[in-house]
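Undergrad: Quick one: the structure is below, questions incoming.
FYI, it's all coordinate maths here, none of it is from the lab. What you see is a predicted model; the values in this text were computed from it and never measured. Because the Cβ atoms are built from the backbone with ideal geometry, glycine has one as well, and the counts that use them run over all protein chains shown.
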Amino acid sequence: MFEIGNTLREARVRRNLTLQQVEEDIKIRVKYVQAMENEDWDVMPGVTYVKGFLRTYSTYLGLDPNVIIDEFRSRAMVPSEEFHEPFGGSSIIGKPRSHRGRNTIVVVAVVCLLALGAIYTLGILNGDDGDAEPTTRPAALGIGSPSPSPSQSPKPEATSTGLPAWQRNLIKIEATDGDCWMEVRRNDAQGIVLFSGTLQKGDVEKFKGKQIWMTLGAPGNARLNVEGKNVKLKSDTGPWTVEVVKGRVVQGPDI
């Protein structure tokens, strides 16, 4: 067992970095950097933030983030599910459904067989043997097949706001100036997690929904685009919360 706070502080001191320099570089507020070095976890907004901030800070200092997070996990005694973070960040749509029992499969199979039998019986009663073809063809009646009209490229469906359908409720986040940890949920802070992880510089993630809630660990490193328009993030340091409802953006430190 080792001390997380002392390990982080010693690594920072070896690099001759001040707390203000750290805040400027990784866009995490000084009070949260100090909280990590003092292991004062109650100051942090939540367990998920601790994980993201520890990963960002330890990587910045040249330490192995997995070792740091594993040590925190063992002390906090938090279930491992809360610390699941796919490599490089990935979408998390929820827990997989449990396997259904054999009885359910049997019932479904029986229902399908009964339905097929009913269809077959109705076909016989109607005199449809499945192979007969209509005796009267359009050509016999002197009706010619209409010549195909020249193909036209379909126009994108426009909304009442003038946006094409594919762009409506589309949100794009790009890590432009450095890494940025973020968590994205559907609807609100308790909604289904769509993404939880760290965007590496140059990475882009896209989300679509009428109401999207997100928290950015380093908003100064990210660029937000909503329905094709760039939205200025009003803070360079995290955590910073952004909520998008039908294209309307609300943001703040805690909304």
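Undergrad: Starting with the fewest neighbours, write out Trp166, Trp240, Trp41 ranked by other beta-carbon atoms found within 10 Å of each beta-carbon.
TA: Ascending Cβ contact count within 10 Å gives the list Trp166, Trp41, Trp240.
Undergrad: In square nanometres and to one decimal, what's the mean projected area of the convex hull around the Cα atoms of the stretch 4-83?
TA: If you wrap the Cα atoms of the stretch 4-83 in a convex hull and average its projections, you get 4.6 nm².
Undergrad: Still on this model: Distance check, please: which entries in Lys31/Lys210; Lys51/Lys206; Lys31/Lys246 exceed 27 angstrom between their Cα atoms? Walk me through the numbers on the way to the answer.
TA: Numbers: Lys31/Lys210 34 Å; Lys51/Lys206 23 Å; Lys31/Lys246 34 Å.
Too far apart for the 27 Å limit: Lys31/Lys210; Lys31/Lys246.
Undergrad: Now, a different point. Would you list Arg73, Arg248 from fewest to most Cβ contacts within 10 Å?
TA: By the 10 Å Cβ count, ascending, the order reads Arg248, Arg73.
Undergrad: List Cys112, Cys180 from most exposed to least, where exposure is judged by having the fewest other Cβ atoms within 10 Å. Can you show the working numbers first?
TA: Values: Cys112 10, Cys180 27.
By the 10 Å Cβ count, ascending, the order reads Cys112, Cys180.
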